[in-house]
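Peer 1: Would you mind keeping the following structure in view while I ask a few things?
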Amino acid sequence: MNGKSNAPLDYSGVQHAEFAVAPEAFVVHDPVAVGAFEAMEGIKDPALLERGFLFRELPNTRLYAEHHRAFVGLLKQHAKKVIYLQDLVGDHASFQAARTNPNQVFTRDALITIPWVSDGYIAARMKRSLRRGESDTMVNAAKRLGLHEIVRVPPHLFLEGGDVIPFSRDGRRTLLVGSGRRTGLETLSFLQSALIPRYADEIIGVQLEAWRMNLDGGLLPVADDAVLADTRSIIGGLLLDGNGQRKIDVLGMLRDLGMRIIDVTPDESVYCQACNCVCLGGRRVIYYDLSDRIKGLLCRHDIEPYCIAGSELVKGRGGPRCMSRPIYKPL
């Protein structure tokens, strides 16, 4: 996309994995502040909330805003910079869609950034049509932050940020990419041809059960020796690199790397978003206060969870990771 050589870039000495990198900034969005919840007011039927807005329950708007402010406040304590989406592109035409779409709160989904390509981005292509406009908003935010597009997803494929986790395997620049309900299997082959070898060394596709929405709802490495995972939702794996494609046992691969799997139940992963946390680097994460059991296991593995109230935020079916898009380029 940028007309540069396809030769691999030199990233020697760079920490690759998401859990190991302290981002330069996070982009966040408060949907209450722009009136995005007004269209949901008065809707009691869960089926209508799901079909029209993708929310499981109608949030208490006041508490939702309060809990989101607390999340942003905690993020500001541990991140170099936190930027509201409205401050970046509130004057841009693309932001108008955010005023009626409460899902724009999930700034992770619509744009992909990678620690070892700090000045680049990939625009997501959302599976649900009502969320497609989110990518335009996030792309314009990325451009105003000085980022450039490294590859473009073809219009017949789907890729969501919640399915992409930057990782490192024996020093290789690795992307864990979920395939299933949102990101398609065909997208893995596209990413293989578009990213390898210049922007990545390998892609590990993680095949998800049909009911699992995104990879970060069911699996997330949080340190070099620990990974949160609902093992029941992972049904296969595929390794894609410069030598082709072959099957891989994803959980076995993680264990071979010396990683302890902190086993999360399906209910914990769905209703508590127990896998979905923000990695801050240095074995620190931001986490909902909805699962004391998993919080205790994180502490037992010397990972420090900073908890925020999640009772209202979780109704949108996303966690702290979903609500934060890391920016790795120095600003």
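Peer 1: 5 Å is the cut-off here: which amide hydrogens, built 1.01 Å from N in the peptide plane, fall below it relative to Ile327, excluding neighbours closer than 5 in sequence?
Peer 2: Glu24, Ala25, Phe26, Val27
Peer 1: Which of the lysines could a cross-linker span from Lys127 if the Cα-Cα distance has to be under 25 Å and same-chain partners fewer than 8 positions apart are dropped?
Peer 2: Lys143, Lys315
Peer 1: Follow-up. Select from Asp45, Asp230, Asp163 the residue whose mean-square fluctuation is largest in a Gaussian network model of the chain (Cα-Cα springs shorter than 10 Å).
Peer 2: Comparing Asp45, Asp230, Asp163 in the GNM, the peak value goes to Asp45.
Peer 1: Using +1 at the Cβ of each Lys and Arg and -1 at the Cβ of each Asp and Glu in the chain, identify which of Leu195, Ala229, Val206 lies farthest towards the dipole's positive end.
Peer 2: Leu195
Peer 1: Further question on the same structure: Mean residue ellipticity at 222 nm from the helices of the chain, using -39,500 (n - 2.57) per DSSP H segment of n ≥ 4 over the full residue count, to the nearest 500 deg cm²/dmol?
Peer 2: So the helix-based figure for the chain works out to -6500 deg cm²/dmol.
Peer 1: Report, ordered by chain and residue number, the lysines lying within cross-link reach of Lys80, taken as a straight Cα distance under 18 Å and ignoring same-chain residues fewer than 8 apart.
Peer 2: Lys329
Peer 1: Net charge near Leu238: determine it from the other residues with C-beta under 10 Å of the C-beta of Leu238, scoring Lys and Arg +1 and Asp and Glu -1.
Peer 2: +2
Peer 1: Still on this model: Between Asp119 and Gln77, what is the FRET efficiency for a Förster distance of 35 Å, r being their Cβ-Cβ separation, to the nearest 0.05? Display every interim value, and only then the final one.
Peer 2: Values: r = 26 Å, r/R0 = 0.76.
Efficiency computed from Cβ-Cβ geometry: 0.85.
Peer 1: Here is a further query. Please get the size of the charge dipole for the chain, origin at its Cα centre, with Cβ charges of +1 on Lys and Arg and -1 on Asp and Glu, quoted in debye to the nearest 20.
Peer 2: 380 debye
Peer 1: Mind checking which aspartates and glutamates have their Cα closer than 14 Å to the Cα of Lys295? Skip sequence neighbours fewer than 8 apart in that chain.
Peer 2: Answer for Lys295, where 14 Å is the Cα cut-off: Asp263, Glu268, Glu304, listed by chain and number.
Peer 1: Using alpha-carbon pairs under 8 Å, 6+ residues apart, how would you state the relative contact order of the stretch 136-218 in percent?
Peer 2: That works out to 31 percent.
Readers should treat all values here as calculations from the given coordinates under stated rules, not as data from a laboratory. Since we're looking at a predicted model, the values are computed, not measured. So basically every Cβ, Gly included, is an ideal-geometry build from the backbone, and we count neighbours across all protein chains shown.
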